[in-house]
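Here the structure is laid out as structure tokens; the discussion comes afterwards.
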Amino acid sequence: MEIFLIKLLQFMLAISILVLLHEGGHFFFSKLFGVRVEKFFLFFDPWFHLFQFKPRKSDTTYGIGWLPLGGYCKIAGMIDESFDTDQMQKPAEPWEFRSKPAWQRLLIMIGGVLVNFLLALFLYAMCLFTWGDDYVKPKDMPLGMKFNKEAKALGFQDRDILVGTDQGEFKKFGADMFREMATAHKAYVIRDGKQVSIDMPGDLDLLDMFKSTPPFMTQFIEARVDSVLSGSLAEHMGFRKGDIITSLNGKRIESFNDFQYEVGRIDDVLDYAKTHQDSLKALTVTVTLARQAGEQTCTLTRKGVLKEDLKFGYMPQLPADKVTHIEYGFFESFPAGIKYGCNVLSGYVGDMKYIFSAEGAKSLGGFGAIGSMFPDVWNWHKFWLMTAFLSIILAFMNILPIHALDGGHVLFLIYEMVTGRAPSEKFLLRAEYVGFTILILLMVVANLNDVLRWLGFMH
């Protein structure tokens, strides 16, 4: 429960900051061009609100809604998600959105996206300035990688140390490395102290690489016990520091990665257990340990019964990776932050094509998925990095050409500037209804996926 609350607080704080600044971008340009803003709300307020006030001599009502799906900046003389057409039936006033030149209306509409994008770059820069950049190069992982059968079919072997591809050397283990591997025609690894090249197809499915079980590649971790939690099943079964797990339920274990995979198989069996006896049978485990006793290695077999959380209660010995740390001065951090943010945006935009596949649709996540991305403990460095990432996503999603989003309004404004003809108010209203419906459907699908994953029907 504590972890849930920590994640929830981080999520709510990040969303509040991003929504306020996004809507603040619209507000700033509206005021700059003399357009009246009637409402400025954090979160939506259908039917009722949590708080509101209107300063004297102000045309704007400020408040907090109860529905944390975004914010609301109601601009006078504009067709938006409020579907308020009464004002549009009256003659246009000079302080209304519709009375302003197209270029001013365009800046008002992109104001939110612009603020979110600049905020992300600023946050990345400040994170680099404050904490620097810590990462491990794949070639500095002494135990190399663990590969699945699809990767091995291409020529990879367990414990291969990744160097790079024909596109360049890998900087760090992460999503960018997977993207480069997916489009590479050559991959380079260190095997037995020598560099080896591996032919690649150049068109691997990135989504399959991430979602396959086990994944296409992950860091190789030995199945060697480093520490044992007091009172745990591992302690009860006699695990000791330095022990090597060689089998689980008769399945050969060559790495901690294999061990995790076999535990996952137990979880799958539990999903189909119909009786208590079936569950007990699935939770009963047999582990074989190799233990060094002087100059000899002893083989020990231990039995135990897992709890439903499937936790043994031990930590594996992690590889002694070489960590690269880069410090940035204040002025150095800005170009580095801009490059960092642009790389994040480029990767995110490139991955969008996978959403239009069946597996991609299943990978969509709602508020639960976003909240789960925050760390289990409060960490300001990770919090601001996550907030910057969400700001990038918010900027990109809002610029999509859907009329309920900023991008839809921008699309029609560009059309007006090019053709000299503005779409009719009737057309814009219909487009708003269509766009709003699309957004609602996307939100339903994304949050339904979260529920299905929580219930165990999706992975």
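Taking the Cα centre of segment 225-316 as origin, work out the dipole magnitude from +1 charges on Lys and Arg Cβ and -1 charges on Asp and Glu Cβ, in debye rounded to 20.
That gives a dipole near 280 debye.
Give me the percent relative contact order of the chain, please, defined on Cα pairs under 8 angstrom at least 6 residues apart.
18
Quick check on the chain: helices-only [θ] at 222 nm, where DSSP H runs of length 4 and up contribute -39,500 (n - 2.57) each and the sum goes over total residues. Nearest 500, please.
Roughly -15000 deg cm²/dmol at 222 nm, from the helical runs in the chain.
If R0 is 35 Å, what FRET efficiency do you get for residue 330 and residue 417 from their C-beta distance, rounded to 0.05?
The formula returns an efficiency of 0.35 here.
Which of the trypsin sites (Lys or Arg not before Pro) found in segment 373-458 are in a DSSP loop and have at most 14 neighbouring Cβ atoms, other than their own, within 10 Å?
421
Just to confirm a number: summing +1 for Lys and Arg and -1 for Asp and Glu over residues other than residue 305 whose beta-carbon lies under 13 angstrom from that of residue 305, what do you get?
Counting the neighbours of residue 305, the net charge comes to +3.
Compute, for segment 48-181, the length of the dipole vector about the Cα centre, with Cβ point charges of +1 (Lys, Arg) and -1 (Asp, Glu) only. Units Debye, rounded to 20.
Its charge dipole is roughly 260 debye.
Within segment 384-459, which chymotrypsin sites (Phe, Trp or Tyr not before Pro) sit in a loop by DSSP and count at most 15 neighbouring Cβ atoms inside 10 Å?
457
Which distance in Å, rounded to a whole number, links the C-alpha centroids of segment 198-223 and segment 400-457?
Using only Cα atoms, the two centres lie 35 Å from each other.
Among (1) 61, 54, 51; (2) 93, 53, 40; (3) 127, 65, 36, only one was calculated for this model; which label is it, if the read-out is Cα extents along the principal axes in Å?
(2)
Putting +1 on Lys and Arg Cβ atoms and -1 on Asp and Glu Cβ atoms, find which of 250, 52, 118 reaches farthest to the positive end of the dipole of the chain.
52
How much length is gained if the chain between residue 89 and residue 298 is pulled fully straight, taking 0.36 nm per residue apart and subtracting their Cα-Cα distance, in nm to one decimal?
66.5 nm
Give, in nm to one decimal, the length gained when the segment between residue 67 and residue 346 is fully stretched (0.36 nm per residue of separation minus the Cα-Cα distance).
Extra length available between residue 67 and residue 346 comes to 97.4 nm.
I'd like to know which of 301, 398, 216 lies farthest towards the positive end of the charge dipole of the chain, counting +1 on Cβ of Lys and Arg and -1 on Cβ of Asp and Glu.
Of the options given, the answer is 398.
Only loop residues by DSSP count here, and only those with at most 14 other Cβ atoms within 10 Å; note down the chymotrypsin sites (Phe, Trp or Tyr not before Pro) in segment 1-73 that meet that.
47, 48, 66
Arrange 108, 438, 399 by Cβ neighbour counts within 10 Å, fewest through most, would you?
If I rank by nearby Cβ atoms, fewest first, I get 438, 399, 108.
What's the center-to-center distance, using Cα atoms, between segment 265-288 and segment 42-67 in Å?
53
Every read-out reported here was derived from the displayed coordinates using simple, explicitly stated rules and does not represent laboratory data. Here the structure is a predicted model, which means the values were calculated and not measured. Positions of Cβ are generated from backbone atoms using ideal geometry, with glycine treated the same way; all protein chains shown enter the neighbour counts.
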